[in-house]
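Take a look at the structure set out below.
What follows is calculated from the coordinates using simple rules that are stated; it is not laboratory data. All values reported here derive from a predicted model rather than from experimental measurement. Positions of Cβ are backbone-derived with ideal geometry, glycine not excepted, and every protein chain shown enters the neighbour counts.
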Protein chains: 2
Amino acid sequence: MDGRACGVAEAAKILGDKWTLLLLRDLAQGSRRFKDLERSVDGISPTMLAGRLRELERQGLLTRTTYNEIPPRVEYHLTDKGTEALPIVEALRDYGNRWLLSRPEPSDAVLSST
Amino acid sequence: MDGRACGVAEAAKILGDKWTLLLLRDLAQGSRRFKDLERSVDGISPTMLAGRLRELERQGLLTRTTYNEIPPRVEYHLTDKGTEALPIVEALRDYGNRWLLSRPEPSDAVLSST
């Protein structure tokens, strides 16, 4: 690098993290509670999940909404700034399906040689 | 997740790491020596660099070529499997330029409102 700021480096600082990428994958589906995310992000600990959510909120990629119920319900959802990061998740999905999974998820382009 | 393998998760395991993403960015330019990468990946330590290179080689995303010189010259370059991961780097660049840099890198689409 020549000292000029780099978009890849700035994005990798925030998003270059396995758990953060899996959170984005699941929040892409809509609002989620902490418990939902704990279940869907396989292997994440409550401490790691809380830390990643806090950081994404601080960076403006998600917001938390507290519903005035008993007990209070808290939901996380992506902001515009978070939604705009989803092409990165889709690029990971394409790559993973093509190069890393033996039996890929259903995709828009499946070629069979026989 | 429903237990089915997920392309995002598999890709995030290998590529969900800031240093790995910056290495891919720089190897996208062509073969590089260890010293080149140490310089271009701002802030990486030799130990971290060696570890990331070893892991990318193990995963088949890069190869190392040793040239029979004195002293021997070692160069790293992306395989097809590594090159195919570059759309992820480009998605990060687009996102970083648009949302994280105040003065973005030259890009193919720059809109001015005045």
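For this structure, a couple of remarks:
- Total residues in segment B:45-104, condition of a type in the set (D, E, K, R), closer than 30 Å to A:Thr79 by Cα, part of a helix (DSSP H, G or I) and more than 14 Å from the chain's Cα centre (by Cα): 2
- Any hit, segment A:19-34, residues being more than 11 Å from the chain's Cα centre (by Cα) and at the interface with another protein chain (Cβ under 8 Å from one of its Cβ atoms): no
- If the condition is being in a helix (DSSP H, G or I) and farther than 14 Å from A:Ser102 by Cα, then segment B:10-23 contributes B:Ala12, B:Lys13, B:Ile14, B:Leu15, B:Lys18, B:Trp19, B:Thr20, B:Leu21, B:Leu22, B:Leu23.
- Residues satisfying the stated conditions in segment B:27-42, i.e. touching a strand residue (DSSP E or B) at 6+ places or on another chain (Cβ under 6 Å) and either of a type in the set (Asp, Glu) or assigned to a helix (DSSP H, G or I) (or both): B:Leu27
- Subset of segment B:77-103 [in contact with a helix residue (DSSP H, G or I) (Cβ under 6 Å, 6 or more places away or on another chain) and either more than 7 Å from chain A (Cβ to nearest Cβ) or aromatic (Phe, Trp, Tyr) (or both)]: B:Leu78, B:Tyr95, B:Trp99
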